[in-house]
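Notes to accompany the following structure.
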Amino acid sequence: MTALTSLELRTKITSDARLELWLEEAAVPRPTAGEVVVRVDAAPINPSDIILLLGPADLSTLEVRGTPERPVLTASVPDSALPALAARLDAALPVGNEGAGVVVDAGSKVRHLIGRLVAFRSAAGTYAQHRVVAAADCMALPEGVSAEAGASAFINPLTALAMVETMRREGHTALVHTAAASNLGQMLNRLCLTDGIELVNIVRNSKQADLLRNIGAKYVPDSTSAGFQEDLTTALDETGATLAFDAIGGGTMAETILVAMEAIATKKMAQYSRYGSPVHKQIYLYGVLDAGPTIIHRRFGTAWGVGGWLMTWCLDKFGAQVAAKLRERVAAELTTTFASRYSSKVTLVEAMEPEVIRQYAKRATGEKFLMLPNGRSVDDGATGANV
Ligand SMILES: NC(=O)c1ccc[n+]([C@@H]2O[C@H](COP(=O)([O-])OP(=O)(O)OC[C@H]3O[C@@H](n4cnc5c(N)ncnc54)[C@H](OP(=O)(O)O)[C@@H]3O)[C@@H](O)[C@H]2O)c1
């Protein structure tokens, strides 16, 4: 096979407080025995990719230079944000956590994968035309599943499954989820409905509440409605949920949930205790949709925890066997429980247009973007197994 090159998106935040985005032509290394070369046909733009891609840049200052085929974007970054970015300053970083495409070359041990359509994850960035990946990090897509349908097979599906697994392992029986109309939130609803798990969905407008009710959600407290506190308390009482996954992170949501959980737990105590209820209440801050400080006034007894949570580290903790089982379930339910929808599809160059950036940076409900690193022409109808 002739040497391949790959056009790839890079992001950098400089020590003089500037964001730079550009496309770089990189040589594609030959795969080692257990690796494959994937032509990346589709890759979602997830909130965690947006954080890496744009950092805290002021998007009103975006400027385009370069040429139409090779744009170079810059924007200013607030000086106050630099200390927290120290570990990435002046480094050119690849972006994109997951994607799907056709295997176009493979090492000696995995040559049977050539021609297969796979989903994969890669720390080396999926906003690239080609990516060399360990075959173990790929999921062969089932028959009939396209690259587009498989592009989000790793992050959100495995996160929803890992949330449920965490719930079981830590002795809880029901879940609370915030920013619940997200792509992940909709998936979690389908999963919980299938598995018979009670789920309390906290949303921030009535449109989101309707969206979730239409897919079968029973408990959907709206944080902007007058009856929020009461609706949340009723939902927690009826479900017995003592574990919450909070994607918002900043603000007072974690405190609000803990207060409501504690009120229910103390109501069930036969006797007053100055230490509050012994029932453990746990909040995992697993997203940074609000990058402001997490505000917690401790008014919910002593049996509680607030911590960070990352799907990847959870899967490592669960072990290879459990992780493989979860992946098998994702593959089997990719077009049902774990289906993702996209509002727009963009090429590498289109993804660098300021107006487009401002749109996907909103991370709005139902507005997930799909990157097509090899352009639209690649949509050749390839689907899993039968390629
Ligand atoms: N820790 C992990 O392992 C892990 C793994 C996967 C995903 N995640 C996180 O999961 C979250 C959801 O991901 P996704 O891909 O499903 O996102 P998505 O489909 O892009 O949806 C984002 C949702 O967040 C809402 N939102 C945005 N800013 C908000 C704010 N300040 N307060 C409340 N809601 C807000 C949006 O609602 P509006 O329309 O109202 O703005 C939208 O419903 C993200 O935070 C992501 O980083 C974490």
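The values are calculated or read from the model by the stated rules, or taken from the named source; none is laboratory data. Being a predicted model, the structure only gives us computed values, none of them experimental. Because the Cβ atoms are built from the backbone with ideal geometry, glycine has one as well, and the counts that use them run over all protein chains shown. With ligands, DNA and RNA removed, areas are computed over all heavy atoms of the protein, side chains included. Shrake-Rupley method; radii C 1.70, N 1.55, O 1.52, S 1.80 Å.
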- Query: Which of the residues that make up region 373-387 are at pLDDT 95 or above and open to solvent by less than 20 Å² (accessible area, probe 1.4 Å)?
  - Reply: PRO373
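Mind telling me which of the residues THR166, THR194 ends up being open to solvent by 50 Å² or more (accessible area, probe 1.4 Å), assigned to a helix (DSSP H, G or I) and out of contact with any Gly (no Cβ under 6 Å at 6 or more places or on another chain)?
Going through THR166, THR194 in turn, just one is open to solvent by 50 Å² or more (accessible area, probe 1.4 Å), assigned to a helix (DSSP H, G or I) and out of contact with any Gly (no Cβ under 6 Å at 6 or more places or on another chain): THR194.
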- How about region 126-146: which of its residues are part of a strand (DSSP E or B) and under 21 Å from the mean Cα position of the chain (by Cα)? ALA128, ARG131, VAL133, CYS138, MET139, ALA140, SER146
- Query: Do we find a residue being open to solvent by 30 Å² or more (accessible area, probe 1.4 Å) and free of Cβ contacts under 8 Å to residues at least 40 places away in the same chain anywhere in region 239-252?
  - Reply: no
- Query: Could you say which residue among GLU63, GLU35 is within 29 Å of ASP137 (Cβ to Cβ), out of contact with any His (no Cβ under 9 Å at 6 or more places or on another chain) and either acidic (Asp, Glu) or free of Cβ contacts under 8 Å to residues at least 60 places away in the same chain (or both)?
  - Reply: GLU35
- Query: Taking into account only those residues within region 30-61 that are among the aliphatic types (A, V, I, L, M) and open to solvent by 20 Å² or more (accessible area, probe 1.4 Å), which is nearest to LEU9 (Cα to Cα)?
  - Reply: LEU52
- Message: Please list, ordered by residue number, the strands (runs of 3 or more DSSP E) wholly in region 261-358 having 1 or more residues that are more than 16 Å from the ligand (Cβ to nearest atom) and either outside the structural domain of PHE120 (by TED's automatic domain parsing) or in contact (Cβ under 8 Å) with a residue 24 or more places away in the chain (or both).
- Response: 281-285, 304-308, 344-347
- Task: Go over the candidates GLY115, GLY185 one by one and state the one that is in a helix (DSSP H, G or I), open to solvent by less than 40 Å² (accessible area, probe 1.4 Å) and in contact (Cβ under 8 Å) with a residue 24 or more places away in the chain.
- Result: GLY185
- Task: Go through region 268-289 and count every residue that is open to solvent by less than 60 Å² (accessible area, probe 1.4 Å) and in contact with a strand residue (DSSP E or B) (Cβ under 7 Å, 6 or more places away or on another chain).
- Result: 7
- Note on the structure: Residues of region 207-228 being open to solvent by 30 Å² or more (accessible area, probe 1.4 Å) and within 11 Å of the ligand (Cβ to nearest atom), in sequence order, are LYS207, LEU211, SER223, THR224
- Message: Going by what's in this entry, would ALA128 be described as surrounded by 23 or more Cβ atoms within 10 Å (Cβ to Cβ), in contact (Cβ under 8 Å) with a residue 24 or more places away in the chain and farther than 23 Å from SER182 by Cβ?
- Response: yes
- Message: Could you check region 359-372 and list, in sequence order, the residues that are farther than 15 Å from LEU53 by Cβ, near the ligand (Cβ under 7 Å from one of its atoms) and surrounded by 18 or more Cβ atoms within 10 Å (Cβ to Cβ)?
- Response: THR365
- Message: Restricting to region 229-249, name every residue that is on the phi < 0 side of the Ramachandran plot and within 16 Å of the ligand (Cβ to nearest atom).
- Response: LEU232, LEU243, ALA244, PHE245, ASP246, ALA247, ILE248
- Residue check: is LEU93 at pLDDT 95 or above, more than 16 Å from ASP49 (Cβ to Cβ) and of a type in the set (A, V, I, L, M)? no
- Message: I need every pair where a residue in region 194-215 that is of a type in the set (D, E, K, R) has its Cβ under 6 Å from the Cβ of a residue that is loosely packed, with under 14 Cβ neighbours inside 10 Å and assigned to a loop (DSSP other than H, G, I, E, B), sequence separation at least 6 or different chains.
- Response: ARG204/THR224
